[in-house]
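J.: Please read through the structure below; I'll follow up with questions.
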Amino acid sequence: MHVVLPDGNRLELPEGATGRDAAAAIGPGLAKAALAVRVNGEMRDLALPLADGDAIAIVTDKSGDDFLYVMRHSAAHVMAEAVMELFPGARFGFGPPIDDGFYYDFDLPRPLTEADFPAIEALMRRIVKARAPFERSVMGVADARDYFAELDQPYKVDQVEELTRQGETHVSIYRDREFVDLCRGPHVRDTGRIGAVKLLSVAGAYWRGSEKNPMLTRVYATAFPTSAELDAHLERLERQRARDHRRVGRDLELFHFDDAGPGFPFFLPKGMVVVNEIQRELRAELDRMGYDEIRTPTILSERLWHQSGHWDHYRENMYFTEVDGQGFAVKPMNCPGACLVFRSRRRSYRDLPLRLAEFGHVHRHELSGVLHGLFRVRAFTQDDAHVFCRLDQITDEVNAILDLTDRFYARFGFSGVRLHLATKPEKAAGTDEMWERAEAALREALGDREYTLKEGDGAFYGPKIDFHVTDTMGRSWQLGTCQLDFSMPERFDLSFTNQEDAEERPVILHRAITGSLERFLGILIEDCGGDFPFWLAPVQARVLPIADRHAEFAGRVRDALDADGVRAEVDARSESVGRRIRDGELAKVPYLLVVGDREAEAGEVSVRARHGASLGSLPVAGLAEALRGS
């Protein structure tokens, strides 16, 4: 047999050779340094056999992110070992490495708080110093189930039973010192290879992400090879916390979450100003491009969702209700409603392309364990559109959508947009021929644009182009999408009269630019730290009367700005002017306008721009234009 190395060369190995054998065949130095092996993109233990044709890369402590993955996985086991020793009777669940760190879930005899972190970290350092080896063994599933049942570890028993249902007959076990865990690995050779560790936070997490299961305590932590790298990371985290959209949204009174609706955001008046400005910007683009705006019902008959295919492919993410004894569903997507709008009257080839836009409020059932501020919610607004067009119009329409996305993202400072072409998933509607035609059409429309191919990641009804941006914290997010659909026009029997006076099927382009207005806003908040540009700021100017006798003039200044389209308010509290200026800066108001005796007499205001810069005195007449232009 042979395997393929990262440089493309083939390495001949005996049948049944392992990753450790491959490392030894390359050289004794690599065999000594090897910690794990990446096989066809998947991280594995060195003891596992390789298959003919596998693409492999040996992982050492010089392997960057791959080494961090393996080390953090090992650090998670050490953390679990420390928690188990400090909390006798504790039960443990999952403990994987994640981006920038790792976590472990525990069922504990008493609450664990951040006050417990120093003791846990101190014990972890002792375990690391002991250089205890990580030892792998294999058990039959029946023996593993009995073993963990005897240890009174029900979550591990549940994991073994789930693996048994998936057809596994054996499982791997890892031991370091007295701690034993059910785990696929890989791990570093011994605990001494774990670097600097820091526990970060505690959160609640349902077992397997379902609210029907027990709530566990999730401890988040991170590890780096050196203390210097850890310190640099902690500094980055502190900057991130200051920009966290949940914190900024609360401080600036943009949105709110309440236990009465977990995962359902409440937008406050100032937040709605920002949302409306984003929508206004997008509507202006759509008007120039010939879109028509529609609104479709939030609740529609279950029959419709059977017809669209969502029942078979998306039912677990939907909410259901009953009306007049009939089953209805809350819409998770807008496309079936748009199809009914298209079908509401006869269509001609002269009507196409028909571009129907909708700011549709949709609801999707997300497990409570994955909810995250505005980034992952159960109700959100899609800036959706469905373009019904002929086959010969696909390329032009897709290119128009690509150009619109470029313009709109640039307006908000999002650069470096990456395109991904996602192809037919395992569960897909429609024929192979439909999919081949759709994928070929999107490739043609992309032309010489750079994109990454994502095999099997398309929507169930068609391939798609997804738009990804990287935020100020280096995280990648999918925002917009452009999906080509030959399936739904068939399902809804959509047609138009062509030039030969015959009935012909349209195709549908499902497209969104922000994707979700909520997620778009969350990314924008963290990008600018809530320091919105003037045109987007909820309050653009705040008038500060020095004394009570100046309040009337301050009100006239506010009214003049409002009349000229500038969002202004008066802060006439009895606090000192200095305190109110400070509060205005914390509220990230672009302009603070101070008025006293001199300003009231001259019909002027003293203007402080954001971040403390002074623009001097400006007359109230023409003030709005001056603020917009400065």
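J.: Cα gyration tensor of region 539-629, axes a ≥ b ≥ c as square roots of the eigenvalues: rounded (a/c below 1.5), prolate (a/b > b/c) or oblate? Walk me through the numbers before you get to the answer.
T.: Numbers: a/c = 1.40, a/b = 1.07, b/c = 1.32.
Verdict is rounded for region 539-629.
J.: Calculate one ³J(HN,Hα) per residue across region 378-388 by plugging θ = phi - 60° into the Karplus curve 6.51 cos²θ - 1.76 cosθ + 1.60, and present them in order as whole Hz with x for glycine and proline.
T.: 9, 9, 7, 9, 8, 7, 7, 8, 10, 9, 9
J.: Could you state, as a whole-number percent, how many of the C-alpha pairs of region 238-360 are farther apart than 25 Å? Working shown, then result.
T.: On the way: 3639 of 7503 pairs.
When all Cα pairs of region 238-360 are counted, 49 percent exceed 25 Å.
J.: I've got another one for you. In nm, to one decimal, how far is the modelled label at Ser210 from the one at Ser476, with both set 7 Å along Cα→Cβ?
T.: Between Ser210 and Ser476, the label points sit 3.1 nm apart.
J.: Could you work out the percent of alpha carbon pairs in the chain separated by over 47 Å, rounded to a whole number?
T.: On the way: 62154 of 198135 pairs.
In whole percent, the long-distance tail amounts to 31.
J.: Then there's this: At a 10 Å Cβ-Cβ cut-off, how would you order Ile401, Ile173, fewest neighbours first?
T.: If I rank by nearby Cβ atoms, fewest first, I get Ile173, Ile401.
J.: Per DSSP helix of 4 or more residues, -39500 (n - 2.57); summed, then divided by the residues of the chain. What does that give at 222 nm, rounded to the nearest 500?
T.: So the helix-based figure for the chain works out to -10500 deg cm²/dmol.
J.: On to the next question. Quick one: which of 432-441, 448-457 comes out on top by average Cβ neighbours within 10 Å, and what's the full order, highest first?
T.: The most tightly packed comes first, giving 432-441, 448-457.
J.: Taking Cα atoms, how many degrees apart are the long axis of helix 141-150 and the longest axis of the chain, rounded to 10 and kept between 0 and 90?
T.: Once rounded, the angle reads 80 degrees.
J.: Right, something else. What residues have an amide H closer than 5 Å to that of Ala379, excluding those fewer than 5 places away on the same chain, when H is modeled at 1.01 Å from N in the peptide plane?
T.: Hits under the 5 Å cutoff: Arg364.
J.: Right, something else. Compute the Rg/Rh shape ratio of region 336-428: radius of gyration over Kirkwood radius, all on alpha-carbon atoms.
T.: With Rg and the Kirkwood Rh in hand, the quotient comes to 1.02.
J.: In nm, to one decimal, how far is the modelled label at Arg407 from the one at Ala440, with both set 7 Å along Cα→Cβ?
T.: 3.2 nm
J.: For region 164-179, take each phi angle, set θ = phi - 60°, evaluate the Karplus expression 6.51 cos²θ - 1.76 cosθ + 1.60, and give the result in whole Hz per residue in order, putting x for glycine and proline.
T.: 5, 4, 7, x, 6, 10, 9, 10, 9, 10, 10, 10, 9, 6, 9, 8
J.: Also, I was wondering about something else. May I ask which residue of Ser201, Val141, Phe179 lies farthest towards the positive end of the charge dipole of region 66-243, with charges of +1 (Lys, Arg) and -1 (Asp, Glu) on Cβ and the Cα centre as origin?
T.: Value computed over the given set: Ser201.
J.: Can you give the relative contact order of the chain as a percent, counting alpha carbon pairs under 8 Å and 6+ residues apart?
T.: Rounded, it is 9 percent for the chain.
J.: Which of Tyr349, Tyr291 comes first, and how do the rest follow, when ranked by fewest Cβ neighbours within 10 Å?
T.: Tyr349, Tyr291
J.: Moving on to the next point. Want the number for Asp457 to Ser617: 0.36 nm per residue separation, take away the alpha-carbon distance, what's left?
T.: On the way: separation 160, 0.36 × 160 = 57.60 nm, distance 5.80 nm.
Roughly 51.8 nm would be gained on extension.
J.: Is region 2-60 rounded, prolate or oblate when judged by the Cα gyration tensor, a ≥ b ≥ c being the square roots of its eigenvalues, rounded requiring a/c under 1.5 and prolate requiring a/b larger than b/c? Present the calculation step by step, with values, prior to reporting the outcome.
T.: Details: a/c = 1.26, a/b = 1.18, b/c = 1.07.
In terms of gyration-tensor shape, rounded.
J.: Taking 0.36 nm per residue of sequence separation and subtracting the Cα-Cα distance, how much length would be gained by fully extending the chain between Ile98 and Ala260, in nm to one decimal?
T.: 55.3 nm
J.: Which FRET efficiency, nearest 0.05, do Asp287 and Asn9 yield, Cβ-Cβ r, R0 60 Å?
T.: 0.55
J.: Please report the Cα spread of region 66-243 along all three principal axes, rounded to whole Å, starting with the longest.
T.: Here the Cα extents, ordered largest to smallest, are 47, 36, 28 Å.
J.: While we're here: Could you tell me what fraction of 2.2 N^0.38 Å the Cα radius of gyration of region 105-161 comes to, as a two-decimal ratio?
T.: Relative to the 2.2 N^0.38 Å estimate, region 105-161 comes out at 1.50.
J.: Quick check: from the Cα gyration tensor, does region 215-260 come out rounded (a/c under 1.5), prolate or oblate?
T.: Oblate is the answer for region 215-260, as a/c is 1.5 or above yet b/c matches or exceeds a/b.
J.: What is the spin-label model distance, in nm, from Glu161 to Glu500 if the labels are put 7 Å beyond Cα along the C-beta direction?
T.: In this crude label model, Glu161 to Glu500 measures out at 6.2 nm.
J.: Which of the peptides 33-39, 145-151, 419-425, 537-543 is most tightly packed, and how do the rest follow, judged by the mean count of other Cβ atoms within 10 Å per residue?
T.: Result, highest mean Cβ count within 10 Å first: 537-543, 33-39, 419-425, 145-151.
J.: Right, next: So, in Å, what gap is there between the alpha-carbon centers of region 79-110 and region 198-223?
T.: 9 Å
J.: Please work out the Cα center distance from region 364-424 to region 447-465, rounded to the nearest Å.
T.: Using only Cα atoms to place each centre, the spacing works out to 13 Å.
Coordinate-derived values only; no laboratory data. What you see is a predicted model, and the numbers here were worked out from it, not measured in a lab. When we count neighbours, we look across all protein chains shown, and the Cβ atoms used for this are built from the backbone with ideal geometry, even at glycine.
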